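**Student:** Take a look at this one; I'll ask things after.
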Amino acid sequence: MDDVFDPIHYLVQRIDGDYAWLVQPDSPDGEPLLVARALLPDGIDEGVRLLWQDLQYTIE
């Protein structure tokens, strides 16, 4: 079982208003994750890679 605090890599698949759809590029069967843009760093756009670590998102 993976640790809850292991880093996770995401790709911004789509931006939909105040929300962004994130996917894990290494997991083709994974469900997209809907995240409020307020929780994401400034400057995100579709196609940007994100890292979730220590309970926050950063641009890779």
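**Student:** Name the residue that is farthest from the chain's Cα centre (by Cα), counting only residues in the range 9-24 that are farther than 12 Å from Ala36 by Cβ and touching a residue at least 24 places away in the same chain (Cβ under 8 Å).
**Tutor:** Arg14
Per-residue answers, yes or no, for (1) at pLDDT below 95; (2) surrounded by fewer than 13 Cβ atoms within 10 Å (Cβ to Cβ); (3) assigned to a strand (DSSP E or B):
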{"site": "Asp6", "(1), (2), (3)": "yes, yes, no"}
{"site": "Tyr10", "(1), (2), (3)": "no, no, yes"}
{"site": "Ser27", "(1), (2), (3)": "yes, yes, no"}
{"site": "Glu31", "(1), (2), (3)": "yes, yes, no"}
{"site": "Ile44", "(1), (2), (3)": "yes, no, no"}
{"site": "Leu51", "(1), (2), (3)": "no, no, yes"}
{"site": "Tyr57", "(1), (2), (3)": "no, no, yes"}
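The values are calculated or read from the model by the stated rules, or taken from the named source; none is laboratory data. Source: prediction; values computed, not measured. Ideal geometry is used to build each Cβ from the backbone, glycine not excepted, and the neighbour counts take in all protein chains shown.
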